[in-house]
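Remarks on the structure that follows.
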C-alpha cells in the first residue's frame, strides 16, 4: 500500500526563528491531532535543515527535506550544497525539478536525472516534480510533456532505485496563482503518470508509488483532491508557511 504524504515547501521564506517556531507548532499539532497519514515532510532552506532535523527526532510522522541539491558528489562548486552534506545534517528528502528551478535556473531533464542519481546514492529520497505550463496545457501537449519529463528524468533508474522516488505533479499554471486544477483534471494526470510507471516498471511498483499534487492546494480543497484514486497527498507551497493551514491539509486525509 502506498504512503499518504504531505510535503511543505517553504521556498525562500521565513527567518530562522520563525521557521523553528512554525515547525515546532506543526510537530505539536501532528502529535496531538492527525490521523491517517504516514509522513509529513517540511522542506526548508539549507540553513535551517540541521535545527529542524533535531526537532523532528523521535517524531515518526515528521521528516525534513531540502529544496534542491547539486548534481556532483563534491568539488569546486562555490556556493552549492551536495546531497552528502544534506544527509549529514539529518535530512531525509530532497525536492528535485520544481518548476521554479526549471524556469529560473534552466534545469533540464538531463540535469535532473543526474541529481536524482546523486540523491539516491546518498540514501535520500527525491520528491521529483513534473508538470506542464499553461501554454502546454492549452496546446493539448500536457501528456506529451509529462511523458518526456518521466522518460528523461527518472526512467533510467533500476527498479530498486525507482521505488525510493516520490513524484509530485504540479501544473505550473496553478502554482502561486490561486488557480487549482479541478479534482478531475488532477486525477486524470495522476492516473496517466501511474500508467506510464506501470508500462516501465510494472503494475506492482506503479501501485506502490506515491504521487502528490502540487498546485495551490489549501485546507478548503485538500479533501476533494486527496479523495481521488491516484492522488496520494500534496506538495504544499504557501499554505505550508502557516502551521494551522498546513496541519489542516494533512488532516484532510
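Values for this structure:
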quantity	calculated
Rounded, prolate or oblate (a/c below 1.5 giving rounded, otherwise prolate when a/b exceeds b/c) for the chain by Cα gyration tensor	rounded
Extension gain (nm, one decimal) between residue 244 and residue 138, 0.36 nm per residue minus Cα-Cα	34.7 nm
Order of 102, 87 under a 10 Å beta carbon neighbour criterion, fewest first	87, 102
Segment 70-205 - convex hull of alpha carbons, volume per residue in Å³	126
Where a label projected 7 Å from the Cα of residue 114 along Cα→Cβ would reach, residues of segment 60-89 with amide N under 20 Å	67-87
Simple label model, 7 Å out from Cα along Cβ direction - residue 123 to residue 50, nm	1.9
Residues 29, 1 arranged by fewest to most Cβ contacts within 10 Å	1, 29
Taking 188, 33 and counting other C-beta atoms within 10 Å, the order from fewest to most	33, 188
Mean ellipticity per residue at 222 nm, deg cm²/dmol - from DSSP H runs of n ≥ 4 across the chain, formula -39500 (n - 2.57)	-12500 deg cm²/dmol
Pairwise centroid distance, computed over Cα atoms, of segment 176-253 with segment 130-160, Å	16
FRET efficiency, 1/(1 + (r/R0)^6) with R0 45 Å, evaluated for residue 104 and residue 32 via beta carbons	0.75
Pairwise label distance in nanometres, residue 21 with residue 1, each label 7 Å out on the Cα-Cβ vector	3.8
Three principal axis lengths of segment 176-247 [C-alpha, angstrom, descending]	39, 21, 19
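No lab work stands behind these numbers, since they all come straight from the coordinates. Owing to the predicted nature of the structure, the values given are computational and were not obtained by experimental measurement. Reconstructed Cβ throughout: ideal geometry from the backbone, glycine too, with neighbour counts over all protein chains shown.
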